[in-house]
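Each remark here refers to the structure printed beneath this line.
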Amino acid sequence: MISVKMERVLDTLTTHYMPFTLLSKERLPEVVNTVRFIEMREGEIFQITGGEGKDYLFVIEGALNVITEGNVRCIDGPEETRKSPIILNSKPSTSTVVARSNCIICHADREMLDELISWDEIVHMMEETNEELAGQLDKIRNSLVFRRLPSEMVELAFSKMRTIKVPKGEAAVEQGGEGDSYYIITEGSAEVYSITLYDDEPQKIADLVEGDAFGCEALISGGTRSETVIMKEDSVLSVLDKGDFEEIIKNPLIKTVNQTIAKSMLDTDYVPIDVRYAEEYDDSHIPNAILMPLFELRNRLDELDKTKRYVVYCHAGSRSSVATLVLAQNQFDVVSLEGGIRDWEHETNSLE
């Protein structure tokens, strides 16, 4: 739980600072998990380390200097970082922040922010075809198995799911039955019962609520179900059949290539597409890359040539995976750059 003051600061961040201003209202509560706020008094010195990628640093209040590898950047006020944040070097490199007045700064985990941006785009794509289903998508995303999958694979799973209704008191699955499906509760709740060699009758072992899932263990192990799940109320379940479950887990849809292979592709006839924001592109991009931010991609497909082949990249690979999914669904020959420009060790250009 954050303080009233930090709530105000968070509101300022999401209202006035790119790329937070582009996030949907559904994503905004998750912003708190991607940032940390640091209060500094005038004259105070603070050392900060970036993450695996080049994290963002925003000034919410005050003026300060940021020193990185001997280079000094003077920030005279918050407005200087609203559209163009300070970009920190990857760890283990550190930057030193010197407060010239009382300050509040925001350190944003860039890779987690990329995930939010990517997820927003997937939900938006779903809304265009079925707004009601899009409202259930977050529950699918937060189930245990799908937390480990790229967001584009969650979208694929969701498109293959069917919906069933199970009345109060009825068992959705029974212990000893075949593991043929994976279930997520999108409306309602349930109780889980199991009987072991030492029990005379089933014992309640868990309660399930909206967003919880069951049926995974039998699918992965190949054995029979080890539990019975009974609905506590009339419920709606999203169901992914065994074949689709195995396909999505074992055969990722998105084609990715490592940095070495991507460089060889680009040295032949592949065309790079940068799906980051313009500010990121201006800072550093692969030579001859087409700038096509992810949020614009769907409306600019006619600018691309289906007779050409493309390597899509972003900061670390999250947004490019979503873009690759969109392009692949539209019959483009496309691959995603693993690790993005974060790990790119070859030539880059800058507009600065």
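Each value in this text was obtained by applying a stated rule to the coordinates, not by laboratory testing. Please read all numbers here as calculations on a predicted model, not as lab measurements. Virtual Cβ from ideal backbone geometry, glycine too; neighbours counted across all protein chains shown.
Points worth noting:
- Scoring K83 on the criteria (1) closer than 19 Å to E280 by Cβ; (2) of a type in the set (K, R); (3) in a helix (DSSP H, G or I) leaves a single failure, condition (3).
- Counting the residues of the stretch 327-341 that are assigned to a loop (DSSP other than H, G, I, E, B), in contact with a strand residue (DSSP E or B) (Cβ under 8 Å, 6 or more places away or on another chain) and closer than 26 Å to L23 by Cα gives 2.
- Among residues of the stretch 177-203, those that are over 31 Å from the mean Cα position of the chain (by Cα) and among the aromatic types (F, W, Y), counted: 2
- Close contacts from the stretch 322-337, counting a first residue that is within 8 Å of Y310 (Cβ to Cβ) and a second that is part of a helix (DSSP H, G or I) and hydroxyl-bearing (S, T, Y), with Cβ to Cβ under 7 Å and a gap of 6+ residues or different chains, come to V334/T324; V335/T324.
- The stretch 18-74, subset over 29 Å from the mean Cα position of the chain (by Cα) and touching a residue at least 60 places away in the same chain (Cβ under 8 Å), residue surrounded by the most Cβ atoms within 10 Å (Cβ to Cβ): M40
- Test result for K242, of a type outside the set (D, E), surrounded by 15 or more Cβ atoms within 10 Å (Cβ to Cβ) and closer than 30 Å to E170 by Cα: yes
Condition check ((1) more than 21 Å from I122 (Cα to Cα); (2) over 23 Å from the mean Cα position of the chain (by Cα); (3) assigned to a helix (DSSP H, G or I)) across all residues:
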| position | (1), (2), (3) |
| --- | --- |
| K263 | yes, yes, yes |
| P272 | yes, no, no |
| E280 | yes, no, yes |
| P287 | yes, yes, no |
| T307 | yes, yes, no |
| R319 | no, no, yes |
| V322 | no, no, yes |
| L325 | no, no, yes |
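- Looking only at residues in the stretch 342-352 that are in a loop (DSSP other than H, G, I, E, B) and polar (S, T, N, Q), the one that is surrounded by the most Cβ atoms within 10 Å (Cβ to Cβ) is T348.
- Selection count, the stretch 277-296, where residues are surrounded by 19 or more Cβ atoms within 10 Å (Cβ to Cβ) and touching a residue at least 60 places away in the same chain (Cβ under 8 Å): 5
- Meets criteria (on the phi < 0 side of the Ramachandran plot and either out of contact with any Gly (no Cβ under 9 Å at 6 or more places or on another chain) or part of a loop (DSSP other than H, G, I, E, B) (or both)) for S95: no
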